[in-house]
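A.B. asks: Got a structure for you, questions after.
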Amino acid sequence: MTLAEAQARDAADPLRAYRDAFHIPEGVIYLDGNSLGPLPRTTPAALADMAERQWGDRLIRSWNEGWIEAPRRVGAKIARLIGAAEDEVIVADSTSVNLFKLLVAALRHATPRGTILSETGNFPTDLHIAEGAVGCVPGARLHAVARDQLATSLDSETALLMLTHVHYKTSECFDMLAWSAKARENGALTLWDLSHSVGAIPIDLNGAGADMAVGCGYKYLNGGPGAPAFLYVSKRLQDTLASPLSGWMGHAAPFGFADAYAPAPGMTRWLAGTPPMLGMAALEAGLDIWRDVDQQQVAEKSAALFDTLAAVGAAAGLDCVSPADPAKRGSHISFRHPDAYAICQALIDRRVIGDFRDPDILRFGLTPLYLGFADVVRAGEILGEIVSSGAYRDPAYQARNAVT
Ligand SMILES: *Cc1c(COP(=O)(O)O)cnc(C)c1O
């Protein structure tokens with residue numbers, strides 16, 4: 001695609017107006033919205049209102065003026081994006097903590113079955129948290145196998161199948177409907193990590209018959225660094241599962257101040273402590289952008305942006321590791337190159353921001369709400385120049401930062 005063609009596509013893009021909803025620094029081409037979504041223009045005012053009016057002026061009265069409802073209210077806004085009912089989603093804690101709560105609850109429920117089946121190379125925290133969770137439930141164990149071994153590893157011991165919907169490195173996507181059915185036939189529950197798929201591709205948890213899910217607020221949902229995360233429990237299981245982090249905000253009557261714990265009905269039981277309202281305000285502002293977004297348009301544009309960058313990568317001799325079929329991937333594209341880290345640093349130096357994933361993956365988030373075809377074409381030109389000129393060999397690009 002030439003720059004002129006890209007500009008014409010941008011002019012005809014039905015999602016073009018959403019670009020103005022975000023603050024993208026002048027001259028920056030941001031291809032890392034799958035890791036930290038950019039700042040929505042409405043967020044600073046929402047944060048100021050939270051600080052100055054809600055906290056500053058209204059003080060503790062704010063708990064009864066919208067704060068105490070926030071985890072459910074914001075959860076309902078996420079529900080629309082993931083094919084869940086409004087009362088099947090709640091915002092709480094981090095993705096890691098939510099995973100722990102659901103894994104322990106599901107293991108306790110599924111006994112005598114005790115195996116969590118998952119994929120080797122899953123996002124690290126998912127496997128780490130699963131390791132911790134099985135240590136809390138007698139007889140439980142984690143069985144992680146290669147993707148192509150998952151189907152044959154589902155057996156009568158499998159308590160639950162824990163999968164990350166879209167793989168953080170390769171962008172490969174599991175067929176949620178097919179895997180949920182397979183797990184159910186085997187008598188196992190399903191737990192989906194939607195961190196790399198919510199806001200990236202259309203999701204239908206109810207349609208797929210998914211049992212549980214977690215997901216992240218600071219990636220495609222643009223909720224800000226360390227934004228609160230969310231969890232979903234199908235109505236079928238809501239009265240059955242109970243959180244191991246039995247804190248007072250998940251109590252049926254937190255202000256009854258009883259000694260004994262009694263879980264709240266519905267999703268509220270998944271709260272542990274007091275909701276982080278400053279982060280909640282930013283997450284809600286980010287989510288409000290999504291209110292009228294047509295997810296089909298997002299998926300179509302994502303596929304077209306992918307093809308544009310895939311063509312550039314192929315011309316530069318980069319090895320694309322993401323599936324060519326749009327139905328089989330999320331909304332990022334990854335290339336393998338032995339000098340991926342240095343190439344990434346050279347790109348950042350030229351204000352094209354993607355990221356690197358150990359050991360050799362160069363990863364670019366394709367976020368249709370604020371990324372245009374001209375951005376991707378320009379980024380592709382710069383990438384091509386860096387690779388063909390060998391500019392990335394500059395020793396300055398070799399030094400490793402703590403966060404890649
Ligand atoms: C980003 C991400 C997380 C993040 O977990 P935190 O608890 O927010 O650090 C978890 N799982 C997956 C698959 C992710 O992509």
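Laboratory data are not the source of any read-out in this text; all were calculated from the coordinates shown. Model, not experiment: these values are computed from the prediction. Because the Cβ atoms are built from the backbone with ideal geometry, glycine has one as well, and the counts that use them run over all protein chains shown.
A.B. asks: What ³J(HN,Hα) values, in whole Hz, does the Karplus curve 6.51 cos²θ - 1.76 cosθ + 1.60 give for segment 335-348 when θ = phi - 60°, with x put for Gly and Pro?
C.D. replies: For segment 335-348, the Karplus curve yields 10, 9, 7, x, 10, 4, 4, 5, 4, 4, 5, 5, 5, 4 Hz.
A.B. asks: Under 17 Å from the 7 Å Cα→Cβ point of N64, by amide nitrogen: which residues of segment 248-268?
C.D. replies: So the set is 254-257.
A.B. asks: With bins 5 Å wide starting at 0, give me the P(r) of segment 172-284 over every alpha carbon pair, in whole percents.
C.D. replies: P(r) over segment 172-284, rounded to whole percents: 2, 11, 17, 18, 18, 17, 10, 5, 2, 0.
A.B. asks: Among bridges DSSP assigns within the chain, what percent are antiparallel (round to 5)?
C.D. replies: Details: 23 of 41 bridges.
Antiparallel: roughly 55 percent of the beta bridges in the chain.
A.B. asks: Quick one: Karplus J couplings for segment 259-267, per residue in order, coefficients 6.51, -1.76, 1.60, θ = phi - 60°, nearest Hz, x for Gly and Pro?
C.D. replies: 6, 8, 7, 9, x, 5, x, x, 6
A.B. asks: Over the Cα atoms of segment 155-198, what Rg and Dmax result, in angstrom?
C.D. replies: Over segment 155-198's Cα set, Rg and Dmax evaluate to 10.9, 31 Å.
A.B. asks: Project the alpha carbons of segment 1-144 onto their principal axes and report the range along each, largest first, in whole Å.
C.D. replies: Here the spans come out as 60, 53, 27 Å, largest first.
A.B. asks: Measuring from the lowest to the highest alpha carbon on each principal axis, how far does segment 67-151 reach, largest first, in angstroms?
C.D. replies: Reported extents, whole Å, longest axis first: 40, 29, 21.
A.B. asks: Once the Cα atoms of helix 95-110 and of the chain are each reduced to a long axis, what angle between those two axes, in degrees from 0 to 90 to the nearest 10, is obtained?
C.D. replies: 50 degrees
A.B. asks: Can you list residues from other chains, or at least 5 along the same chain, whose modelled amide H is less than 5 Å from the amide H of R141?
C.D. replies: Amide H neighbours of R141, under 5 Å, 5+ apart: T115, I116.
A.B. asks: Please give the helix 124-134 orientation as an angle from the longest Cα principal axis of the chain, in degrees from 0 to 90, rounded to the nearest 10.
C.D. replies: On a 0 to 90 degree scale, this one is about 20.
A.B. asks: In whole Hz, what ³J(HN,Hα) sequence does segment 159-165 give by Karplus (6.51, -1.76, 1.60; θ = phi - 60°), x for Gly and Pro?
C.D. replies: Ordered by residue, 3J(HN,Hα) equals 7, 8, 9, 10, 10, 8, 4 Hz.
A.B. asks: Could you give the length gained on full extension between T240 and A51, defined as 0.36 nm per residue of separation minus the Cα-Cα distance, in nm?
C.D. replies: On the way: separation 189, 0.36 × 189 = 68.04 nm, distance 3.82 nm.
Separation in residues times 0.36 nm, less the Cα-Cα distance, equals 64.2 nm.
A.B. asks: Once label points are set 7 Å from the Cα along Cα→Cβ at both R378 and D87, what is their separation, rounded to one decimal in nm?
C.D. replies: In this crude spin-label approximation the distance works out to 4.9 nm.
A.B. asks: Once you place label points 7 Å from the Cα toward the Cβ at A264 and R400, how far apart are they in nm?
C.D. replies: A separation of 4.3 nm, rounded to one decimal place.
A.B. asks: Still on this model: Which residues among segment 352-392 fall inside the zone where the amide N is under 17 Å from a point 7 Å beyond the Cα of A311, along Cα→Cβ?
C.D. replies: 372-385
A.B. asks: Moving on to the next point. Roughly what would the spin-label model give for A181 and A4, points 7 Å off Cα along C-beta, in nm?
C.D. replies: 4.9 nm
A.B. asks: Round to the nearest 10 and give me the degree value, 0 to 90, for the angle of helix 176-185's Cα axis relative to the longest principal axis of the chain.
C.D. replies: 40 degrees
A.B. asks: Stretch K328-V145 to full length: gain in nm at 0.36 nm per residue minus the Cα-Cα span?
C.D. replies: 63.9 nm
A.B. asks: Right, next: Dividing the alpha-carbon Rg of segment 62-220 by 2.2 N^0.38 Å yields what?
C.D. replies: Values: Rg = 15.5 Å, N = 159, 2.2 N^0.38 = 15.1 Å.
With N residues counted in segment 62-220, Rg over 2.2 N^0.38 Å equals 1.02.
A.B. asks: Next up: Using amide H atoms built in the peptide plane, which far-off residues or other-chain residues are under 5 Å from H332 H to H?
C.D. replies: Residues meeting the criterion, in which the H sits 1.01 Å from N, are L366.
A.B. asks: Next question, about the same structure. Could you rank the peptides 258-264, 325-331 by their average count of other C-beta atoms within 10 Å per residue, with the highest value first? Don't jump to the answer; show the numbers that get you there.
C.D. replies: On the way: 258-264: 11.3, 325-331: 18.4.
Sorting 258-264, 325-331 by mean packing, highest first, produces 325-331, 258-264.
A.B. asks: Let me ask something additional. Given the Cα-Cα distance of R19 and R41 and 0.36 nm per residue of separation, how much length would full extension add, in nm? Walk me through the numbers before you get to the answer.
C.D. replies: Working: separation 22, 0.36 × 22 = 7.92 nm, distance 1.01 nm.
This chain segment gains 6.9 nm when fully extended.
A.B. asks: Calculate I(q)/I(0) for the chain by the Debye formula, one identical point scatterer on each C-alpha and no solvent, and give its log10 at q = 0.07, 0.08, 0.11 Å⁻¹ to two decimals.
C.D. replies: Rounded to two decimals, the profile gives -0.34, -0.45, -0.83.
A.B. asks: Amide H neighbours of H251 under 5 Å, counting only residues 5+ apart in sequence or on other chains, H built in-plane at 1.01 Å?
C.D. replies: Result for H251 returns A264.
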